[in-house]
Amino acid sequence: MSARPKKSEQAHLETTRANLVAAALAHVPFDGWSAASFQAAIAQSGTPDALARLACPRGATDLAIAHHRRGDQAMAAAARTADLAGLRYGQKVAALVDLRIRMAGDKEVVRRGLTFFAMPAHAVEGAAAIWATADLIWETLGDTSTDFNWYSKRVILSAVYSSTVLFWLGDESPGHRDTRAFLDRRIENVLQFEKAKGKLRDTKLLQGFMRGPGRWLDRLQKPEQSHRADLPGYSGAKNR
């Protein structure tokens with residue numbers, strides 16, 4: 001088994017990925033997240049081919065993921081200085097989703113990313129990227145759930161984020177105000193669902209279900225966080 005890269009080596013690979021992403025952005029609107037964009041990024045950034053393939057062994061796939069994670073990291077950094085005091089919990093969630101979308105960058109680059117990750121060969125990676133975004137938003141808000149709620153929160157927020165991004169791509173309203181209104185409605189729907197779910201827990205029907213077929217839900221626990229800095233393309237996954 002190969003040894004994990006040293007921190008200095010890992011930092012060098014991170015810098016290389018960041019340089020490649022920056023160089024690729026001018027080409028992605030025309031060529032998508034493709035081998036052509038990857039090669040153009042290598043040439044434009046002046047990165048040695050061997051180093052580029054060490055940083056992004058899957059080429060355009062790792063490049064697209066790195067771009068998405070860069071948006072996640074920018075959102076988390078901006079959230080640390082954002083004034084969320086006085087906001088209700090649902091408003092805080094909406095504020096961070098809105099912030100993440102504003103960090104997404106050029107719409108055509110995002111649209112190309114959606115197309116890329118909609119392909120069957122990349123669908124799992126795309127779903128994982130959206131899940132990681134939802135996970136980071138909840139972590140940033142200080143989510144302490146460790147049971148089934150840990151999963152349900154991220155599933156629901158992944159759906160909210162995805163649908164809002166799709167709306168944003170077609171939104172031409174000033175300051176994308178229609179996107180924010182759409183997002184607020186989605187968050188309100190989620191809050192109404194949570195209230196209904198809370199009431200449902202008190203019903204005899206659900207209590208009976210939880211004592212029978214649904215008892216496995218009580219055994220679900222938040223997965224342990226595993227750093228994957230030893231795997232190419234994953235170095236920034238949990239180092240946000």
Subject >> Amide H within-cut-off set for residue 222, under 5 Å, with H built and near neighbours excluded >> reply: 147
**OP:** Return an integer: the convex hull volume of the alpha-carbon atoms of region 68-130, in Å³ per residue.
**Re:** 85
Subject >> Per-pair calculated FRET efficiency, R0 = 35 Å: residue 131 and residue 51 via Cβ, rounded to 0.05 >> reply: 0.75
Subject >> Spin-label proximity, residue 10 to region 52-71 - amide N less than 18 Å from point 7 Å beyond Cα toward beta carbon >> reply: 54-57, 66, 69-70
Subject >> Calculated P(r) of region 7-219 - Cα pairs past 25 Å, % >> reply: 48
Original post:
In what order do 119, 75 fall by count of nearby beta-carbon atoms within 10 Å, going from fewest to most?
Top reply: 119, 75
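Bear in mind these aren't lab numbers, they're just calculated from the coordinates by the rules spelled out. This is a predicted model, so every value here is computed, not measured. Ideal geometry is used to build each Cβ from the backbone, glycine not excepted, and the neighbour counts take in all protein chains shown.
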